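See structure below.
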Amino acid sequence: MVQRLSSSRTGVSTAIGAVFFIILIVASLTAIQVIDAYQTRYQQIRNSMAEWDINRMSENLNITTLRQPSADTDYTFDLIISNEGGVFTKIIRVYVYDSTTEDLFGLYDKQISLIDEGFTEGEIIQGEKNHILKINSTNTLESSPLYRYRIIVCTERGRQFSYNYPSPFQVGFGGGYPIIVGDRYNFQYTSGLMTAFESAYVKPRATDRTLYRLLLNNTTDKTIEFHENCTMLHMQGAVGAITERFIVSNRSWSWNNTLYSFSSHSVAPGDSTYLYFAATEIGGNAWTPEPVQKAYYIIGYIVWFNYEGDSEIRNVSLPTMVQELTD
């Protein structure tokens with residue numbers, strides 16, 4: 001009888017132990033699945049936010065003109081906008097400030113009906129030029145030179161782009177940066193048999209004989225002379241790779257495979273000029289290969305120069321741009 005009780009207790013203990021072991025295994029597997037699900041969700045959100053940030057920084061709207069009265073009789077004035085960025089952009093609000101009286105002149109959301117204040121045609125595809133954003137306003141803008149308005153266009157991703165109206169004549173003399181990037185058609189390229197420059201913010205990858213050009217404004221009252229070590233930096237953030245392109249002669253062309261070494265180039269006070277980049281080395285005339293990977297790239301420039309008659313060599317690092325290389 002004692003042996004049977006002992007055997008029974010041993011069997012019960014073994015069964016209980018087995019049950020606890022199974023529970024432990026099941027709990028461990030469940031915990032692993034839960035942790036894995038959280039990690040997957042975190043990675044998805046992280047990737048989504050990274051993509052959102054890249055798209056946000058890729059937005060680049062250039063407001064070129066304000067037209068008043070509007071070409072459409074149902075509206076008050078038009079904004080002529082070019083999407084020079086690499087992504088589809090949606091405008092969600094337009095602010096107009098009266099800089100003369102320092103008051104808010106108007107705030108415009110997407111128009112609900114034709115008779116309401118607001119704007120229409122707020123969606124602009126990448127690469128589209130001279131897009132017309134039509135605004136219906138109760139009051140018209142003063143066109144007197146004594147008046148100044150600041151128009152701010154806000155995008156769905158939170159970027160803001162502004163325009164001054166009436167557009168003042170700017171000779172660019174005085175303080176600030178001596179060299180700045182021009183506001184229109186400022187980053188272009190040709191490759192292969194292309195005979196005309198196109199926007200380089202979005203372009204095919206691995207193009208042959210790629211020649212870039214950058215539009216620069218001389219904001220000083222002195223002639224600026226550029227140097228042969230002016231450099232364009234083609235950077236891919238995820239990998240950390242940097243491709244250098246050095247300045248070449250503005251007589252260079254892709255279509256006939258003529259890449260001339262840089263000799264000299266200058267820009268007059270208050271004037272604009274293009275700098276061309278393609279060489280693999282300073283003073284060279286060999287084409288730099290274009291990146292082959294489909295991705296977003298950061299474009300930077302280091303411009304070396306001196307003022308005419310001044311022997312001191314100076315340099316300026318220009319604001320970076322975002323470029324998308326596609327198939």
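On the basis of the beta-carbon distance and an R0 of 35 Å, GLU156 and ASP72 show a calculated FRET efficiency of 0.90.
Per-residue extension of 0.36 nm, minus the Cα-Cα distance of ASP327 and ILE302, leaves a gain of 6.1 nm for this segment. A simple charge model with +1 on the Cβ of Lys and Arg, -1 on the Cβ of Asp and Glu and nothing else charged puts the dipole of the range 179-326 at about 480 debye relative to its Cα centre.
Computed from Cα atoms, the angle from the helix 2-58 axis to the main principal axis of the chain rounds to 10 degrees.
Along the axis of the charge dipole computed for the range 179-326 (Cβ charges of +1 for Lys and Arg, -1 for Asp and Glu, origin at the Cα centre), the listed residues SER272, PHE187, PHE246 are led at the positive end by PHE187.
For a quick check: sort LYS90, LYS110 by the number of other beta carbons within 10 angstrom, fewest at the front.
Numbers: LYS90 13, LYS110 16.
Ranked by crowding around the Cβ, least crowded first: LYS90, LYS110.
In this simple spin-label model, placing a label point 7 Å from the Cα along the Cα-to-Cβ direction at both GLU244 and TYR260 gives a separation of 2.5 nm. Along the positive direction of the dipole of the chain (beta-carbon charges: Lys, Arg +1; Asp, Glu -1; about the Cα centre), which of ILE135, VAL322, GLY106 reaches farthest? Going by the charge dipole, the pick is VAL322. Recomputing Cα extents along the principal axes in Å from the coordinates shown identifies the correct label among [x] 50, 49, 38; [y] 115, 61, 39; [z] 55, 45, 37 as [y]. Excluding same-chain neighbours fewer than eight residues apart, the aspartates and glutamates reachable from LYS134 by a Cα-Cα span under 16 Å are ASP72, ASP74, ASP78, ASP109, ASP116, GLU117, GLU121, GLU123. In this simple spin-label approximation, ALA196 and ILE132 carry label points 7 Å from Cα along the Cα→Cβ vector, and these lie 2.2 nm apart. For the pair ALA27 and SER272 in one chain, pulling the backbone fully straight at 0.36 nm per residue adds 81.2 nm over the alpha carbon distance.
Among CYS230, CYS154, which comes first, then next, by fewest other beta-carbon atoms within 10 Å? Can you show the working numbers first?
Working: CYS230 24, CYS154 14.
Ascending number of Cβ neighbours within 10 Å: CYS154, CYS230.
Between LEU104 and VAL292, the modelled label-to-label distance comes to 5.4 nm, taking each label 7 Å out from Cα in the direction of the beta carbon. Note on ARG184, ARG56, ARG314: ascending count of other Cβ atoms within 10 Å places them as ARG184, ARG314, ARG56, the fewest first.
Read-outs throughout are calculated quantities, based only on the coordinates presented, and are distinct from any laboratory measurement. Just so you know, these numbers come straight off a predicted model, no measurement behind them. Positions of Cβ are backbone-derived with ideal geometry, glycine not excepted, and every protein chain shown enters the neighbour counts.
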